[in-house]
Amino acid sequence: MAERVIRDLGLMDTIEARKLSEKYGSQRAIRDMAESVAKNIEVAPRKNSRVIEILYSSGNPQTARDVVNSAIRAYIDLSLEMMNAPARARKDQYNAQLETLSKQIDDIQKKLTAYQEEFQIVDVDERADLESKQMAALSARLIELQMARVEAQSKRQTFDQLIRQGNPGSDLPEVAGVGHISGVKAALTALDAQIANAKTTLGPRHPKFIALQDERQNLVDKLQRESATAIASLNSSESRLRQQEKEIESELAAYQKKTFENKKHRNVINSYQRQLDSVQKVYNAAIQKFDELLMTSNVAIANASVMRWAELPEKASKPLLKNNLIFGAIAGLMFSLSLSFLLELRRRKVRCVEDLEKEFDVPVMAQVGFNEKERYFTQS
């Protein structure tokens, strides 16, 4: 504080300070001037209060006023610096940390973007992936084809067994329900009725009866051909379904391979994303703390306030001539009495018989004095 006062008031430009600088150097001169200022400053606290008074003794009243006011300002400034110094130091640390975190965020974001551009990964969410949706659709279609193939295989085995048992193909339920086969069978049934009627009425050698027989044979041949075609179609459906199943399995395998590759790429992207999120959280927390430190370091509220600045004194506080004279007279009197008493004690004179008797352990032979009434005597 004393050094701040010296710099504030320019006390090093005085003649005394220049002499000290020339004699001892600037550092020694500043130290001596600071010691002189600190020695003459007195801090007097008021009793039962938080108020303090700052006093300074000087031969110049203007210097005394200026030094007191400068000391107050120096104390307030120094207390603010000491209060805000830790916050400012931490602010610098957080500023450096924020720069590092910002650089890390930029680097991770660049790597993430470059990786997505390289492997053409736009959407990181697998649920929204087109390949995943297509693979799910193919899996469902494959299950349907497998069920249809198993059903077709079961029907084929049933057809083979019925045919081996001698059942005509047209009587098989799946074949008989075909539209044109059922029509042929209906026509054959009607034709059989006509043949039976013609045989009864016309006889077996009648041309119409023979024509009906030929027509019936044609319908039977047609029915056999249609039934064979329907059975072949039903039998071929199994192989067709099997072929479709193989195609879908191959396509599904390609989608699975591509999906697994995309999944691997997405894992790398998710790793970058986790790193980015982690650094971003730290960065946000540091930003929030940095804002608090910035507000703290810029707070200019001192822990002391000035109730009254020092004014130019109208009279000297010391020396007080009247008080000095009174106390000097009393002190001189007490000193003289004490000195006389001490001098008296130092001079050992015999003034009476009692002094002799007290000092020397011998009888008094005689006494000489101005008292004529005193009688001389001897004592053995």
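The values are calculated or read from the model by the stated rules, or taken from the named source; none is laboratory data. The model shown is predicted, which means the values in this text are computed figures rather than measured ones. Every residue, glycine among them, receives a Cβ derived from its backbone with ideal geometry; neighbour counts consider all protein chains shown. When the accessible area is computed, the model is the full protein with side chains, heavy atoms only, and any ligands, DNA or RNA have been set aside. Shrake-Rupley method; radii C 1.70, N 1.55, O 1.52, S 1.80 Å.
If I filter segment 310-332 down to residues being open to solvent by 100 Å² or more (accessible area, probe 1.4 Å) and in a helix (DSSP H, G or I), which single residue comes out as modelled with the lowest pLDDT? Within segment 310-332, the match that is modelled with the lowest pLDDT is L321.
Taking the listed residues Y75, Y115, the one that is in a helix (DSSP H, G or I) and either modelled with pLDDT under 85 or under 30 Å from N270 (Cα atoms) (or both) is Y115, with no other qualifying. Taking the condition farther than 30 Å from N84 by Cα and open to solvent by less than 50 Å² (accessible area, probe 1.4 Å), does N270 pass? Considered against the rule, which asks whether it is farther than 30 Å from N84 by Cα and open to solvent by less than 50 Å² (accessible area, probe 1.4 Å), N270 comes out as no. In segment 238-252, the qualifying residues are those that are touching a residue at least 12 places away in the same chain (Cβ under 8 Å) and open to solvent by 70 Å² or more (accessible area, probe 1.4 Å), and the one that is farthest from K155 (Cα to Cα) is E251. Residue count for segment 28-62 under the criterion of being touching a Leu at 6+ places or on another chain (Cβ under 8 Å) and in contact (Cβ under 8 Å) with a residue 24 or more places away in the chain: the result is 5. Scanning segment 50-71 for residues that are under 51 Å from the mean Cα position of the chain (by Cα), open to solvent by 60 Å² or more (accessible area, probe 1.4 Å) and not acidic (D, E) yields a total of 3.
Could you check segment 1-27 and list, in sequence order, the residues that are without any contact (Cβ under 8 Å) to a residue 24 or more places away in the chain and open to solvent by less than 50 Å² (accessible area, probe 1.4 Å)?
To start, the set of residues in segment 1-27 that are without any contact (Cβ under 8 Å) to a residue 24 or more places away in the chain comprises 7, 10, 12-27.
Passing the criteria: G10, M12, A17, L20, S21, G25.
Within segment 29-44, which residues are under 50 Å from the mean Cα position of the chain (by Cα) and either surrounded by 13 or more Cβ atoms within 10 Å (Cβ to Cβ) or farther than 20 Å from A310 by Cβ (or both)?
Just the residues of segment 29-44 that are under 50 Å from the mean Cα position of the chain (by Cα), to begin with: 30-31, 34-35, 37-38, 41-44.
If the condition is that a residue be under 50 Å from the mean Cα position of the chain (by Cα) and either surrounded by 13 or more Cβ atoms within 10 Å (Cβ to Cβ) or farther than 20 Å from A310 by Cβ (or both), then I30, R31, A34, E35, V37, A38, I41 are the ones that fit.
The C-beta contact set for segment 303-328 (first residue in contact (Cβ under 8 Å) with a residue 12 or more places away in the chain, second residue hydroxyl-bearing (S, T, Y), distance under 7 angstrom, 6+ apart or interchain) comprises N303/S79; A304/Y75; A304/S79.
Considering K289, K258, the condition of being open to solvent by 80 Å² or more (accessible area, probe 1.4 Å) and either at pLDDT below 80 or in a loop (DSSP other than H, G, I, E, B) (or both) is satisfied by K258 alone.
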